[in-house]
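Each reported figure results from applying straightforward, stated rules to the coordinates on display, with no laboratory input. What you see is a predicted model, and the numbers here were worked out from it, not measured in a lab. Here the Cβ is made from the backbone with ideal geometry for all residues, glycine too, and neighbour counts use every protein chain on show.
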Number of protein chains: 2
Amino acid sequence: MRLTRAGEYGIRCILHLARHGKGALVSRKEIAVRTDVPPHFLAKIAQQLSRAGIIEILQGANGGYRLLADPAEISLLAVIEAIIGEISLNDCVGQPESCRNSAVCTVHRVWNKGNQQLRKTLQEANFATLADEDVCCLTPFPKTGGHNPLKGQK
Amino acid sequence: MRLTRAGEYGIRCILHLARHGKGALVSRKEIAVRTDVPPHFLAKIAQQLSRAGIIEILQGANGGYRLLADPAEISLLAVIEAIIGEISLNDCVGQPESCRNSAVCTVHRVWNKGNQQLRKTLQEANFATLADEDVCCLTPFPKTGGHNPLKGQK
DNA sequence: CTATATAAGACTAAATATATCTTATATATC
DNA sequence: GATATATAAGATATATTTAGTCTTATATAG
């Protein structure tokens, strides 16, 4: 009952892109190195993010990925669900028809509540806020002052 | 990001026991049949529930399981976590030290919030309430009137 | 002592997650 | 157009987790 690595990697990828802002092109290689994600694995994740309309992928020389929306418009939930599908903490939440009587089932009701709360909490978090502050999964990227590790390096 | 079958089976097991009330001895076989759980798998799950102090296991002829506490005192959370361990929706929630900077990480904070909400919701659900009404994972067990499928059958 | 029931752990099978490899395709530059 | 570079897409491989079964041991009632 835990986020997969692919999901975690997807978050890192968008975090990194968010710091460059909407529309900025960043190579897969750079993202992979900065976020510590295997390049080929990142490619797969990027395809899912692309299909979900969160990023655009540019092929060819000097290709890479870029955000299609402003970081403030992208929720944590959207990124996660682009990769792992809609969150459902129990089978009966995602497929109520799989149960005999989920409409009146007390257990089902509890799972539904927990699921909704979780999705709401993840929905309320956007990448403008997330990327603005320090996060533990990326190379430090101070907003003002200090050394910017991404500058002067291709 | 979904409850395991073992967890689901554990809930069913306690639901069934809750309907018999605290201290009532019910054979593993009966529980397995009623809740549609493989008997040997149920044995494993019962051991975890026993270690967690939720049920007592009686060996020997006419053995079985029984609740150690009143159903109202047993939360959904307790049963689930007895089986799958403490819920942590992301690695950094359960092991903050695994991240470089989880103390100030914004992403970490969101996961923490979601995790706490979920655990609280599951904690607030107790088996007196859960078992009292109809649930979709058990053979119907009408509280008053009608046929009781558990009577007259060993 | 015998029949019955669970304990406990080994073992197997299946599903999923994680990662990599290969061939194809797209683009910039010469 | 040719070449170098970068990603696409799917096949493949590996590892981990989940799910389930089997075997031997132990406990209890009668």
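Which fully enclosed helices (runs of 4 or more DSSP H) of segment B:20-138 have 2 or more residues being under 17 Å from the mean Cα position of the chain (by Cα) and within 12 Å of DNA strand D (Cβ to nearest atom)?
Working: elements: B:28-35, B:39-51, B:76-84, B:91-94, B:106-124, B:127-132.
So the answer is B:28-35, B:39-51, B:76-84.
In segment A:24-43 there is no residue that is over 28 Å from A:Asp134 (Cβ atoms) and hydroxyl-bearing (Ser, Thr, Tyr).
Looking at segment A:47-67, I want the residues that are under 14 Å from A:Val26 (Cβ atoms) and have a partner that is basic (Lys, Arg) and surrounded by 11 or more Cβ atoms within 10 Å (Cβ to Cβ) with Cβ atoms under 7 Å, at least 6 apart or on another chain. Which pairs are those? Correct list of pairs: A:Ile55/A:Arg66; A:Glu56/A:Arg66; A:Gly64/A:Arg28; A:Tyr65/A:Arg28; A:Leu67/A:Lys22. Filtering segment B:1-36 to residues that are more than 18 Å from B:Ala78 (Cα to Cα) and crowded, with 23+ Cβ neighbours inside 10 Å leaves only B:Ile31.
Criterion applied to B:Val104, B:Val79, B:Val93, B:Val110 was being within 14 Å of another protein chain (Cβ to nearest Cβ) and closer than 26 Å to A:Glu97 by Cα, and the one residue passing it is B:Val79. Return yes when A:Arg5 is free of Cβ contacts under 8 Å to residues at least 40 places away in the same chain, within 12 Å of chain B (Cβ to nearest Cβ), of a type outside the set (Gly, Ala, Ser) and under 22 Å from A:Cys136 (Cβ atoms) and no when it is not. Here the answer is yes, as A:Arg5 does meet what is asked. Note on segment B:2-19: residues that are among the β-branched types (Val, Ile, Thr) and more than 12 Å from DNA strand D (Cβ to nearest atom) amount to 2. The single condition from (1) away from DNA strand C (no atom under 13 Å from the Cβ); (2) more than 14 Å from chain A (Cβ to nearest Cβ) that B:Ile74 fails is (2).
Quick check on B:Lys44: is it near DNA strand C (Cβ under 9 Å from one of its atoms), under 26 Å from A:Ser88 (Cα atoms) and surrounded by fewer than 20 Cβ atoms within 10 Å (Cβ to Cβ)?
On the way: near DNA strand C (Cβ under 9 Å from one of its atoms): yes; under 26 Å from A:Ser88 (Cα atoms): yes; surrounded by fewer than 20 Cβ atoms within 10 Å (Cβ to Cβ): yes.
Here the answer is yes, as B:Lys44 does meet what is asked.
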